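Asks: Take a look at this one; I'll ask things after.
The values are calculated or read from the model by the stated rules, or taken from the named source; none is laboratory data. This one's a predicted model, so the numbers in the text were calculated from it and none came from an experiment. When we count neighbours, we look across all protein chains shown, and the Cβ atoms used for this are built from the backbone with ideal geometry, even at glycine.
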Amino acid sequence: MQERIFKIDRELLKRYANASGDQNPIHQDEAFAKSVGLPDVIAHGMLTMGLVGQYVSDWAGGSANVKEYSARFVKPVVVPANAVVELVVNGVATEENGLYRLELTATVDGVKVLGMAKALVKK
Amino acid sequence: MISPDSVGRTYQGAGSTTISQSEITGFAAVLGESDFSVATPTFSIRTSLDQLQEILTGPEVGINWERVVHGDQKFEIHRPIVAGDVLTCDATIESYRVAAGNEFINVKSDLRNGDEIVCTNWCTIVVRA
């Protein structure tokens, strides 16, 4: 699979909050995020997982071909104001009984943000 | 602490959610998808997390949602969600453990359109100490 970079900024967090219905203020309000012990606003774990899911859908030729998809949220993605954070996604595909098992990596500044990210797809 | 009786039990979510094309399109567009014919793989989190919150914060289980973080997530997609699906969600609390004061709740959610299971989602919900 080929490396791809997704860009995450505050604007994307706001758009994801509206599209997903997850309006938790830790994803939008810096003062609130800090008040609960976070370094700054963090991305929704499901936004990160959703972007990596997009990588999977694109590789598989469409969302309809994705059978399974799983990940652990191992490290929050911190999104400072006016910053663009780069989520670097890559993967290895192995054929398995006519389907493909994808082992995925997702890192920010070289640090893994999803653990055990895997998918099973048709292609 | 969650109620010990709740482990192993299945809770039926209240009501159903009719999936609209605009929800599918809006969710997909944010992630950079341009094919809106079916929902993207993680779309069902919209439905399952909503229902889960309702079930887990209800009096029978009783967790404090403000202290909840998402530990992990798995989607088993039996067929993609499409506009017009009327989804109900039930949640089974499969296991529960406490480590260093944090509570780890493993929940399986089945999303059904009528009798058909469209998607099965597993997640670990962590209630921080």
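Asks: Might you let me know whether the stretch A:110-118 holds any residue that is in contact (Cβ under 8 Å) with a residue 12 or more places away in the chain, within 10 Å of chain B (Cβ to nearest Cβ) and exposed (fewer than 14 other Cβ atoms within 10 Å of the Cβ)?
Replies: Yes, the stretch A:110-118 contains at least one residue that is in contact (Cβ under 8 Å) with a residue 12 or more places away in the chain, within 10 Å of chain B (Cβ to nearest Cβ) and exposed (fewer than 14 other Cβ atoms within 10 Å of the Cβ).
Asks: Taking the condition surrounded by 19 or more Cβ atoms within 10 Å (Cβ to Cβ) and in contact with a helix residue (DSSP H, G or I) (Cβ under 7 Å, 6 or more places away or on another chain), does B:Phe43 pass? Explain how you work it out, then say what you get.
Replies: Working: surrounded by 19 or more Cβ atoms within 10 Å (Cβ to Cβ): yes; in contact with a helix residue (DSSP H, G or I) (Cβ under 7 Å, 6 or more places away or on another chain): yes.
Criteria met by B:Phe43.
Asks: Does the stretch B:57-66 contain any residue that is on the phi > 0 side of the Ramachandran plot and at pLDDT below 95?
Replies: Within the stretch B:57-66, one or more residues are on the phi > 0 side of the Ramachandran plot and at pLDDT below 95.
Asks: Could you tell me how many of the residues in the stretch B:1-16 are within 18 Å of B:Asp85 (Cβ to Cβ), surrounded by fewer than 19 Cβ atoms within 10 Å (Cβ to Cβ) and in contact with a strand residue (DSSP E or B) (Cβ under 8 Å, 6 or more places away or on another chain)?
Replies: From the stretch B:1-16, those within 18 Å of B:Asp85 (Cβ to Cβ) are B:12-16; that's our starting set.
Next, from what is left, pick out any that are surrounded by fewer than 19 Cβ atoms within 10 Å (Cβ to Cβ): B:12, B:14-16.
Among the residues that remain, those that are also in contact with a strand residue (DSSP E or B) (Cβ under 8 Å, 6 or more places away or on another chain) are: B:12, B:15-16.
Of the residues in that region, 3 qualify.
Asks: Taking B:Thr88, is it over 19 Å from B:Ser20 (Cα atoms) and among the hydroxyl-bearing types (Ser, Thr, Tyr)? Lay out the reasoning, then the answer.
Replies: Details: over 19 Å from B:Ser20 (Cα atoms): no; among the hydroxyl-bearing types (Ser, Thr, Tyr): yes.
Judged against the criteria, B:Thr88 is not a match.
Asks: Among B:Val118, B:Val98, B:Val126, which is exposed (fewer than 14 other Cβ atoms within 10 Å of the Cβ) and aliphatic (A, V, I, L, M)?
Replies: Working: B:Val118 fails: exposed (fewer than 14 other Cβ atoms within 10 Å of the Cβ); B:Val126 fails: exposed (fewer than 14 other Cβ atoms within 10 Å of the Cβ).
Result: B:Val98 is the single residue among B:Val118, B:Val98, B:Val126 that is exposed (fewer than 14 other Cβ atoms within 10 Å of the Cβ) and aliphatic (A, V, I, L, M).
Asks: Of the numbered conditions (1) surrounded by 13 or more Cβ atoms within 10 Å (Cβ to Cβ); (2) facing another protein chain (nearest Cβ under 9 Å), B:Thr88 satisfies every one except a single condition; which is it?
Replies: (2)
Asks: Modelled with pLDDT of 95 or more, crowded, with 21+ Cβ neighbours inside 10 Å and farther than 23 Å from B:Ile125 by Cα: which single residue out of B:Ile77, B:Ile24 fits that description? Even if it seems obvious, please write down each step before you answer.
Replies: On the way: B:Ile77 fails: farther than 23 Å from B:Ile125 by Cα.
Being modelled with pLDDT of 95 or more, crowded, with 21+ Cβ neighbours inside 10 Å and farther than 23 Å from B:Ile125 by Cα holds for just one of B:Ile77, B:Ile24, which is B:Ile24.
Asks: Another question, if that's okay. With a cut-off of at least 2 residues that are in contact (Cβ under 8 Å) with a residue 60 or more places away in the chain, farther than 25 Å from A:Asn18 by Cβ and of a type in the set (D, E, K, R), name the strands (runs of 3 or more DSSP E) lying wholly within the stretch B:15-129. Break it down into steps so the answer makes sense when it comes.
Replies: Working: elements: B:68-77, B:86-99, B:102-113, B:116-127.
Result: B:86-99.
Asks: Condition check: modelled with pLDDT of 95 or more and in contact with a strand residue (DSSP E or B) (Cβ under 6 Å, 6 or more places away or on another chain). Does A:Ala60 satisfy that?
Replies: Details: modelled with pLDDT of 95 or more: yes; in contact with a strand residue (DSSP E or B) (Cβ under 6 Å, 6 or more places away or on another chain): yes.
Yes: the conditions hold for A:Ala60.
Asks: Please work out which residue is farthest from the chain's Cα centre (by Cα), limiting yourself to the stretch B:18-44 and to residues that are more than 11 Å from every other protein chain (Cβ to nearest Cβ) and not hydrophobic (A, V, I, L, M, F, W, C). Can you show your working first?
Replies: Quick first cut of the stretch B:18-44, residues more than 11 Å from every other protein chain (Cβ to nearest Cβ) only: B:18-21.
Still in the running and not hydrophobic (A, V, I, L, M, F, W, C): B:18, B:20-21.
Numbers: B:Thr18: 15, B:Ser20: 18, B:Gln21: 20 Å.
Among them, the one singled out is B:Gln21.
Asks: Can we say A:Phe32 is closer than 18 Å to A:Phe73 by Cα and of a type outside the set (Lys, Arg)?
Replies: No.
Asks: A follow-up question, please. Check off (1) under 13 Å from the mean Cα position of the chain (by Cα); (2) under 25 Å from B:Arg128 (Cα atoms); (3) within 12 Å of another protein chain (Cβ to nearest Cβ) for A:Thr107 and give me the number that stays unchecked.
Replies: Tallying (1) under 13 Å from the mean Cα position of the chain (by Cα); (2) under 25 Å from B:Arg128 (Cα atoms); (3) within 12 Å of another protein chain (Cβ to nearest Cβ), A:Thr107 fails exactly one: (3).
Asks: Inspect the stretch B:50-64 for any residue being surrounded by 21 or more Cβ atoms within 10 Å (Cβ to Cβ), within 13 Å of another protein chain (Cβ to nearest Cβ) and closer than 30 Å to A:Arg4 by Cβ and give the result as yes or no.
Replies: Scanning the stretch B:50-64, I find no residue that is surrounded by 21 or more Cβ atoms within 10 Å (Cβ to Cβ), within 13 Å of another protein chain (Cβ to nearest Cβ) and closer than 30 Å to A:Arg4 by Cβ, so the answer is no.
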